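Here's the structure we're looking at; comments come further down.
The values are calculated or read from the model by the stated rules, or taken from the named source; none is laboratory data. Predicted, not measured: the structure shown is a model, and the values here were computed from it. Ideal geometry is used to build each Cβ from the backbone, glycine not excepted, and the neighbour counts take in all protein chains shown. To get the accessible areas, we keep the full protein, side chains included, count just its heavy atoms, and leave off ligands, DNA and RNA. Shrake-Rupley method; radii C 1.70, N 1.55, O 1.52, S 1.80 Å.
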Amino acid sequence: PEVEQSYIMIKPDGVQRGLVGEIISRFEKKGFSLKGLKLFRCPKDLAQEHYKDLKDKPFFPTLIDYITSGPVVCMVCILFTATYFVILSCKAWEGAGVVASARKLIGATNPLQAEPGTIRGDLAVQTGRNVVHGSDSPDNGKREIALWFKEGELCQWESVQTPWLVE
Ligand code: DAT
Ligand code: MG
(Lines give C-alpha, C1' and ligand atoms only; values in the text may rest on other atoms or scores of the structure.)
(Ligands and ions follow the chains in the order given, each with its own letter.)
Protein backbone atom coordinates (compact mmCIF):
# COMPACT_ATOMS: atom_id res chain seq x y z
CA PRO A 1 0.00 0.00 0.00
CA GLU A 2 1.00 3.59 -0.57
CA VAL A 3 2.35 5.73 2.24
CA GLU A 4 1.28 9.34 2.65
CA GLN A 5 3.98 11.78 1.57
CA SER A 6 4.20 15.56 1.85
CA TYR A 7 5.97 17.93 -0.51
CA ILE A 8 7.81 20.53 1.58
CA MET A 9 9.74 23.42 0.07
CA ILE A 10 11.98 26.04 1.63
CA LYS A 11 11.23 29.19 -0.39
CA PRO A 12 13.93 31.56 -1.71
CA ASP A 13 13.74 33.81 1.40
CA GLY A 14 14.41 30.82 3.66
CA VAL A 15 17.46 29.91 1.59
CA GLN A 16 18.74 33.52 1.44
CA ARG A 17 18.22 34.00 5.18
CA GLY A 18 20.25 30.91 6.06
CA LEU A 19 17.28 29.02 7.52
CA VAL A 20 17.71 25.77 5.55
CA GLY A 21 19.26 23.79 8.41
CA GLU A 22 16.81 25.18 10.99
CA ILE A 23 13.76 24.30 8.88
CA ILE A 24 14.91 20.81 7.84
CA SER A 25 15.83 20.17 11.45
CA ARG A 26 12.26 20.79 12.64
CA PHE A 27 10.88 18.08 10.33
CA GLU A 28 13.69 15.68 11.26
CA LYS A 29 13.21 16.25 15.00
CA LYS A 30 9.46 15.67 14.70
CA GLY A 31 10.19 12.18 13.42
CA PHE A 32 9.59 12.60 9.70
CA SER A 33 12.17 11.19 7.32
CA LEU A 34 13.45 12.69 4.12
CA LYS A 35 12.75 10.70 1.00
CA GLY A 36 13.94 13.41 -1.40
CA LEU A 37 16.03 16.58 -1.05
CA LYS A 38 17.52 19.01 -3.53
CA LEU A 39 18.49 22.65 -4.12
CA PHE A 40 16.72 23.84 -7.23
CA ARG A 41 16.15 26.99 -9.28
CA CYS A 42 12.50 26.81 -10.26
CA PRO A 43 11.45 27.81 -13.80
CA LYS A 44 8.44 30.09 -14.18
CA ASP A 45 6.17 27.49 -15.82
CA LEU A 46 6.73 25.03 -12.96
CA ALA A 47 5.91 27.72 -10.37
CA GLN A 48 2.72 28.56 -12.29
CA GLU A 49 1.70 24.90 -12.45
CA HIS A 50 2.46 24.38 -8.74
CA TYR A 51 0.27 27.35 -7.75
CA LYS A 52 -2.32 26.93 -10.54
CA ASP A 53 -5.26 27.06 -8.08
CA LEU A 54 -4.26 30.66 -7.26
CA LYS A 55 -3.85 31.88 -10.85
CA ASP A 56 -6.77 34.32 -10.63
CA LYS A 57 -5.60 35.94 -7.38
CA PRO A 58 -4.24 39.49 -7.57
CA PHE A 59 -1.00 38.40 -5.87
CA PHE A 60 -0.32 35.56 -8.37
CA PRO A 61 2.32 37.43 -10.47
CA THR A 62 4.29 38.56 -7.40
CA LEU A 63 4.01 35.04 -5.91
CA ILE A 64 5.54 33.56 -9.08
CA ASP A 65 8.31 36.23 -9.11
CA TYR A 66 9.08 35.43 -5.47
CA ILE A 67 9.24 31.65 -5.88
CA THR A 68 11.47 31.94 -8.96
CA SER A 69 13.71 34.69 -7.49
CA GLY A 70 16.34 32.30 -6.15
CA PRO A 71 16.99 28.66 -5.35
CA VAL A 72 14.48 26.69 -3.30
CA VAL A 73 15.05 23.51 -1.29
CA CYS A 74 12.67 20.75 -2.37
CA MET A 75 11.87 17.94 0.05
CA VAL A 76 9.67 14.90 0.31
CA CYS A 77 8.78 14.08 3.91
CA ILE A 78 7.51 10.69 4.90
CA LEU A 79 6.60 8.98 8.14
CA PHE A 80 7.91 5.44 8.27
CA THR A 81 5.72 3.01 10.17
CA ALA A 82 6.24 -0.50 11.38
CA THR A 83 3.15 -1.54 9.48
CA TYR A 84 2.20 0.62 6.52
CA PHE A 85 -1.27 -0.85 6.66
CA VAL A 86 -1.97 0.65 10.06
CA ILE A 87 -1.11 4.21 9.05
CA LEU A 88 -3.08 3.90 5.83
CA SER A 89 -6.22 2.55 7.40
CA CYS A 90 -6.35 4.77 10.51
CA LYS A 91 -4.09 7.78 10.58
CA ALA A 92 -3.69 9.07 7.04
CA TRP A 93 -7.38 8.86 6.24
CA GLU A 94 -8.27 10.78 9.37
CA GLY A 95 -6.03 13.58 8.26
CA ALA A 96 -3.54 13.08 11.07
CA GLY A 97 -0.77 11.84 8.80
CA VAL A 98 2.40 13.51 7.61
CA VAL A 99 0.63 16.04 5.35
CA ALA A 100 -1.63 17.54 8.02
CA SER A 101 1.03 17.32 10.70
CA ALA A 102 3.59 19.14 8.50
CA ARG A 103 1.02 21.92 7.96
CA LYS A 104 0.77 22.29 11.73
CA LEU A 105 4.55 22.51 12.09
CA ILE A 106 4.56 25.16 9.33
CA GLY A 107 1.75 27.31 10.79
CA ALA A 108 -0.78 29.74 9.30
CA THR A 109 -0.24 31.31 5.86
CA ASN A 110 0.10 34.78 7.42
CA PRO A 111 3.14 34.55 9.71
CA LEU A 112 1.74 37.25 12.01
CA GLN A 113 -1.19 34.91 12.71
CA ALA A 114 0.95 31.77 12.92
CA GLU A 115 1.36 30.38 16.44
CA PRO A 116 4.72 30.70 18.17
CA GLY A 117 6.46 27.36 17.91
CA THR A 118 5.52 26.96 14.26
CA ILE A 119 8.09 27.64 11.52
CA ARG A 120 6.25 30.68 10.17
CA GLY A 121 5.31 31.85 13.67
CA ASP A 122 8.94 31.79 14.78
CA LEU A 123 10.81 32.75 11.62
CA ALA A 124 8.68 35.01 9.40
CA VAL A 125 6.55 38.19 9.46
CA GLN A 126 4.81 38.51 6.08
CA THR A 127 2.55 36.33 3.91
CA GLY A 128 4.61 37.17 0.83
CA ARG A 129 7.79 35.98 2.61
CA ASN A 130 6.55 33.01 4.60
CA VAL A 131 9.70 30.86 4.10
CA VAL A 132 8.18 27.44 3.56
CA HIS A 133 5.56 25.47 1.62
CA GLY A 134 3.76 22.29 2.63
CA SER A 135 1.16 20.28 0.69
CA ASP A 136 -2.42 20.86 1.87
CA SER A 137 -3.76 17.33 1.18
CA PRO A 138 -2.38 13.86 0.46
CA ASP A 139 -3.60 14.16 -3.16
CA ASN A 140 -1.81 17.48 -3.59
CA GLY A 141 1.25 15.93 -1.95
CA LYS A 142 1.28 13.32 -4.69
CA ARG A 143 0.68 15.91 -7.41
CA GLU A 144 3.42 18.23 -6.16
CA ILE A 145 6.04 15.48 -5.68
CA ALA A 146 5.45 14.40 -9.29
CA LEU A 147 5.89 18.03 -10.40
CA TRP A 148 9.08 18.80 -8.49
CA PHE A 149 10.93 15.46 -8.51
CA LYS A 150 11.94 13.19 -11.37
CA GLU A 151 11.78 9.42 -11.23
CA GLY A 152 15.00 8.22 -9.59
CA GLU A 153 15.46 11.32 -7.42
CA LEU A 154 13.58 9.83 -4.50
CA CYS A 155 15.40 7.48 -2.16
CA GLN A 156 13.92 4.23 -0.84
CA TRP A 157 15.21 3.59 2.66
CA GLU A 158 13.96 3.07 6.17
CA SER A 159 15.05 5.07 9.20
CA VAL A 160 16.57 3.09 12.07
CA GLN A 161 14.52 5.34 14.38
CA THR A 162 11.24 3.76 13.24
CA PRO A 163 10.76 1.38 16.22
CA TRP A 164 11.53 4.31 18.59
CA LEU A 165 8.96 6.56 16.90
CA VAL A 166 6.04 4.22 16.32
CA GLU A 167 4.99 1.24 18.42
P1 DAT B 1 -0.22 28.13 2.14
O2 DAT B 1 1.18 28.43 1.63
O3 DAT B 1 -0.32 28.37 3.61
O4 DAT B 1 -0.72 26.78 1.72
P5 DAT B 1 -1.96 29.22 0.08
O6 DAT B 1 -1.86 27.91 -0.60
O7 DAT B 1 -3.31 29.80 0.31
O8 DAT B 1 -1.19 29.23 1.49
O9 DAT B 1 -1.15 30.31 -0.75
C10 DAT B 1 0.09 29.96 -1.33
C11 DAT B 1 1.05 31.11 -1.14
O12 DAT B 1 0.57 32.28 -1.81
C13 DAT B 1 1.25 31.55 0.31
O14 DAT B 1 2.20 30.76 1.00
C15 DAT B 1 1.72 32.97 0.14
C16 DAT B 1 0.90 33.45 -1.07
N17 DAT B 1 -0.33 34.12 -0.63
C18 DAT B 1 -1.47 33.53 -0.19
N19 DAT B 1 -2.40 34.43 0.14
C20 DAT B 1 -1.82 35.64 -0.11
C21 DAT B 1 -2.25 37.01 0.05
N22 DAT B 1 -3.47 37.30 0.49
N23 DAT B 1 -1.37 37.98 -0.29
C24 DAT B 1 -0.15 37.71 -0.76
N25 DAT B 1 0.33 36.45 -0.91
C26 DAT B 1 -0.50 35.44 -0.59
MG1 MG C 1 -1.16 26.01 -0.21
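Things to note:
- Options 87, 23: the member that is in a helix (DSSP H, G or I) and at pLDDT below 95: 87
- Out of 125, 132, one residue alone is open to solvent by 10 Å² or more (accessible area, probe 1.4 Å), among the hydrophobic types (A, V, I, L, M, F, W, C) and within 16 Å of ligand 1 (Cβ to nearest atom). It is 125.
- Residue in the stretch 150-165 that is surrounded by 14 or more Cβ atoms within 10 Å (Cβ to Cβ) and without any contact (Cβ under 8 Å) to a residue 24 or more places away in the chain present: no
- Residues satisfying the stated conditions in the stretch 5-47, i.e. charged (D, E, K, R), open to solvent by less than 30 Å² (accessible area, probe 1.4 Å) and more than 20 Å from residue 61 (Cα to Cα): 35
- Yes/no for residue 61 being farther than 19 Å from residue 149 by Cβ and at pLDDT below 95: no
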